[in-house]
Amino acid sequence: MDINGRLRKLYKDIESSLDREEVDTIKLLLSDIQLPKCEKDRLTRAAAIFVRLEERGLIKPDDLKLLHIILTQINRTQLIATFITPCERDIVEILGRLKENRLAEGASSSVHREEEFANMLFNLVKEIREDELISLKNLCGNVYELIPQGDLEKKKQAFEVFQYLRQISKISSYKTELLVRLLDQIHRNDLVEKFVKIYGS
C-alpha cells in the first residue's frame with residue numbers, strides 16, 4: 001500500500017467510528033479559513049472532509065497533527081491510538097522504503113553510467129596511434145603534471161593513461177572536460193565527435 005492509500009484507509013477507519021453529530025462538530029471546529037463554509041455545507045462524510053483538508057495542505061503524510069487536534073476536541077482520543085498512531089508508523093516505514101529504493105536506483109544508474117564510460121574509453125583508445133600516445137603522455141606529464149613521470153613510463157597504452165586519470169578523479173562519466181581537451185590537443189577532435197559527444201548525449 002502506498003502513502004495515499006494508507007491515508008485513505010485511515011480516513012475511512014476514523015469515519016466508521018464517528019456518528020453524524022460528531023461529523024457536524026468537526027465542521028464547527030474548523031474555521032472558514034481551514035475549510036470554507038460552502039464546502040462544509042457540501043461535505044457530509046468525515047473521510048471527505050479529511051481528504052479536502054489534505055488537499056488544502058492542512059493534513060500531510062508526515063504531519064497528522066490536525067487529526068490529533070480534531071479527535072481530541074471531540075473527545076475521541078482513543079481513535080488516535082487505535083488508528084492514527086499505527087498509520088504514522090506505517091507511513092514512516094513506507095517513506096523509508098521509498099528512500100532506500102531511490103538510493104538503490106541512483107547507485108544502479110551511477111554504476112551503469114560508469115560502465116558505459118569505460119566501454120566508450122575502451123573503443124576510443126583503439127583509434128589512438130603510437131605517436132599520439134606519446135603526445136598524450138607528454139601532456140599528462142610535462143604540461144599538466146597530472147601523472148608522475150615514473151608512472152607514465154609504465155603506461156604503454158592510451159587506455160592505461162585514461163584509467164589513471166579516472167582513478168585520480170580527473171575524468172569520469174560526469175566529468176569529460178579534460179578528456180575532450182587532451183584529445184583536441186593531440187589533434188583528434190574527430191574522436192570527441194565520434195565517441196565523447198555521442199556518449200554524453
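Laboratory data are not the source of any read-out in this text; all were calculated from the coordinates shown. Quantities reported herein were computed from a predicted structural model and do not represent experimental measurements. Every residue, glycine among them, receives a Cβ derived from its backbone with ideal geometry; neighbour counts consider all protein chains shown.
Would you calculate a helix-derived [θ] at 222 nm for the chain, using -39,500 (n - 2.57) for each DSSP H run of n ≥ 4 and dividing by the full residue count, to the nearest 500?
Working: 11 runs with 128 residues, N = 201.
For the chain, the value works out to -19500 deg cm²/dmol.
Would you work out the relative contact order for the chain, in percent, from Cα pairs under 8 angstrom that are 6 or more residues apart? Each step should come with its number before you reach the end.
Numbers: 121 pairs, mean separation 33.4, N = 201.
Value for the chain: 17 percent.
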Inset, instruction - Please go through the residue pairs Lys126/Lys194; Lys9/Lys37; Lys9/Lys60 and name each one whose alpha carbons sit more than 18 Å apart in this structure. - result: Lys9/Lys37
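Compute, for the stretch 3-99, the length of the dipole vector about the Cα centre, with Cβ point charges of +1 (Lys, Arg) and -1 (Asp, Glu) only. Units Debye, rounded to 20.
Numbers: 18 positive and 16 negative charges, 53 e Å.
Magnitude of the dipole: close to 260 debye.
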Legend entry - Mean-position separation - Cα centroids, the stretch 125-201 and the stretch 1-23, in angstrom: 62
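At a 10 Å Cβ-Cβ cut-off, how would you order Phe50, Phe122, fewest neighbours first?
Working: Phe50 25, Phe122 13.
In increasing order of surrounding Cβ atoms, one gets Phe122, Phe50.
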Inset, instruction - For the stretch 3-99, calculate the relative contact order in percent as a whole number, restricting contacts to Cα pairs under 8 Å that are 6 or more residues apart. - result: 36
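May I ask you to sort Leu95, Leu136 by Cβ crowding, counting other Cβ atoms within 10 Å and putting the fewest first?
Details: Leu95 13, Leu136 22.
Sorted ascending by nearby Cβ count, the order is Leu95, Leu136.
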Inset, instruction - Relative to the longest principal axis of the C-alpha atoms of the chain, give the angle of the C-alpha long axis of helix 20-29, reported between 0 and 90° and rounded to the nearest 10°. - result: 60
Inset, instruction - Just tell me which aspartates and glutamates come within less than 12 Å, Cα to Cα, of Lys154; anything on the same chain fewer than 8 places away is out. - result: none
Legend entry - Most positive-pole-ward Cα, Gln34, Val192, Ile94, against dipole of the chain from beta carbon charges: Gln34
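So if I place +1 on the C-beta of Lys and Arg and -1 on the C-beta of Asp and Glu, and nothing else carries charge, what would the dipole magnitude of the chain be about its Cα centre? I want it in debye, nearest 20.
In total the dipole reaches around 240 debye.
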Inset, instruction - Please label the shape of the chain as rounded, prolate or oblate, based on the square roots a ≥ b ≥ c of the eigenvalues of the alpha-carbon gyration tensor (a/c under 1.5 means rounded; beyond that, a/b larger than b/c means prolate, else oblate). - result: prolate
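Can you tell me the relative contact order of the stretch 85-201? Whole percent, Cα pairs under 8 Å, sequence separation 6 or more. Present the calculation step by step, with values, prior to reporting the outcome.
Values: 56 pairs, mean separation 30.2, N = 117.
Relative contact order comes out at 26 percent.
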Inset, instruction - Step through the residues of the stretch 36-50 one at a time and calculate ³J(HN,Hα) from phi using the Karplus curve (6.51 cos²θ - 1.76 cosθ + 1.60, θ = phi - 60°), rounding each to whole Hz and writing x for Gly and Pro. - result: x, 4, 4, 6, 4, 5, 7, 7, 10, 10, 4, 4, 5, 5, 5
Legend entry - Dipole magnitude of the stretch 82-201 about its Cα centre (Cβ charges: Lys, Arg +1; Asp, Glu -1), debye to nearest 20: 80
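Fewest to most neighbouring Cβ within 10 Å: what's the order for Met120, Met1? Working shown, then result.
Numbers: Met120 18, Met1 10.
Fewest-to-most Cβ neighbours within 10 Å comes out as Met1, Met120.
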